[in-house]
Amino acid sequence: MKVGLVSSCVPLVYGGGRNIVEWLHAKLLENGQQSEIIYIPSTDTPDTILEQMAAFRLLRLEDFFDRIITFRPPAHVVQHPVKVVWFIHHIRMYYDLWNTPYSPMPDTARWRALRAAVMRADTVALLEARTIFSNSRIVGERLLRFNGIGSEVLYPPVLRPESFVSGPYGDEIVCISRLEHHKRQHLLVEAMRHTRSAVRLRLCGSSTTPEYASSLHELVERAGLNDKVAIEDRWISEEDKIARFAGALATAYVPLDEDSYGYSTIEAAQARRCTVTLSDAGGVLEFVSDGENGYVLRPDPEALAQAFDRLYADRALAREMGESAHEQLQKLGITWERVLDRLLA
């Protein structure tokens, strides 16, 4: 089968939105399919969103591919007789982030009209799909709430899960994620001010907002935490991730209402590490159960600090919850076998 993988991208910005495409591409080739990735540069600039949607709409791919699979919006507006959508999120400023501090548009007649046009175009394009998958329950719920469209949850695996191995449980809580304000690494740094043990924190990731990365460094310096907090503000390779998780005590992932569980959560689980997260973190709560394979805490630095100290003092508990996290991968069916079976059906 000839499969076209169609997605939008922000040039030179890498992360989960690209990983899901490129890892699926590799697995399709291993499965004996013909596959090609088609990226179209796209931004969230409100003034040009309809033009960007039109550019995707004008693509004609039926002469080249037996089916297409779309990912990051607005790729789903592409037309094809056999269109499968693996929906990873809306352009959220028009949806659940509308009229919040995270949307750049004021609630005026002009922007309400634009929002309505985007939502209508999304709904029309999605209804054309043969099948719609969402990457998490929370994204599926948004599709139903805003577009009136149901979907099947299909959790994305990591490329080479067998690469993540478990070593000795060290003294670091490791957080691998882009350094962005909505990822809330500042809460993790603030938590370290309240810890009573020798637990350490390591933040790893690049940033599209250098000001936020700088603010994290300043927070560490101001709080006198240089001996307890390490920040690697750079792109983290697969080899680096494997090494960081292999010797970690646990991982932390504390975004605000994230679309999915985040690859780092299941990468850590492959290495038998539990996840510390927050009650308003979004999709990660579909994976983490409090006290079983991690901690789900109120968004408060002191609560985080207590969990860090508890894990540091009880390595047996950290190991036990890490093993439970690994078992959760199978319970949720997070495998490439299932993904390929559903996407190619």
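Any read-out appearing in this document is the output of simple, stated calculations on the displayed coordinates, not a laboratory observation. In this text, all values refer to a predicted model and were calculated from it rather than measured experimentally. Heads up, the Cβs are rebuilt from the backbone with ideal geometry, glycines too, and the neighbour counts pull from every protein chain shown.
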Considering the zone a paramagnetic label at Asp300 would reach in this model (a point 7 Å from Cα along the Cα-to-Cβ line), which residues of the range 166-197 have amide N under 20 Å from it? 184-197
Taking only C-alpha pairs under 8 Å that are 6+ residues apart, what is the relative contact order of the range 47-183 in percent? 18 percent
Residues of the range 243-265 with the amide nitrogen closer than 18 Å to a label point 7 Å from the Cα of Ser279, along Cα-to-Cβ, please. 253-258
What does the charge dipole of the chain about its Cα centre add up to, to the nearest 20 debye, if the Cβ of each Lys and Arg holds +1 and the Cβ of each Asp and Glu holds -1? 460 debye
For Cα Rg over 2.2 N^0.38 Å, the listed values are (i) 1.01; (ii) 1.06; (iii) 2.24; which was obtained by calculation from the structure presented? (i)
In the range 54-163, the GluC sites (Glu not before Pro) that sit in a DSSP loop and have at most 12 other Cβ atoms within 10 Å of their own Cβ are none
Sequence gap of 8 or more, or different chains, plus Cα separation below 22 Å: how many lysine pairs satisfy both in the chain? 8
Calculate, in nm to one decimal, what Glu327 and Arg196 gain on full extension: separation in residues at 0.36 nm each, minus their alpha carbon distance. 44.1 nm
Computed lengthening from Trp235 to Arg60, 0.36 nm per intervening residue step minus Cα-Cα distance: 59.5 nm
Cα→Cβ-extended label distance, 7 Å offset, between Ser163 and Gln79, nm: 4.0 nm
Relative contact order of the range 161-331, pairs being alpha-carbon contacts under 8 Å that are 6 or more residues apart, as %: 27 percent
So what is the relative contact order of the chain, in percent, for Cα pairs below 8 Å that sit 6 or more residues apart? 14 percent
Modelled FRET efficiency - R0 51 Å, Glu320 with Glu211, Cβ distances, 0.05 increments: 0.80
Formal net charge of residues neighbouring Leu256 (Cβ-Cβ distance under 12 Å; K, R +1; D, E -1): -3
Separation between Cα centres of the range 191-249 and the range 12-29, rounded to whole Å: 26 Å
Determine the gain in length on full extension of the stretch Thr43-Thr100; use 0.36 nm per residue of separation and subtract their C-alpha separation, reporting nm with one decimal. 18.6 nm
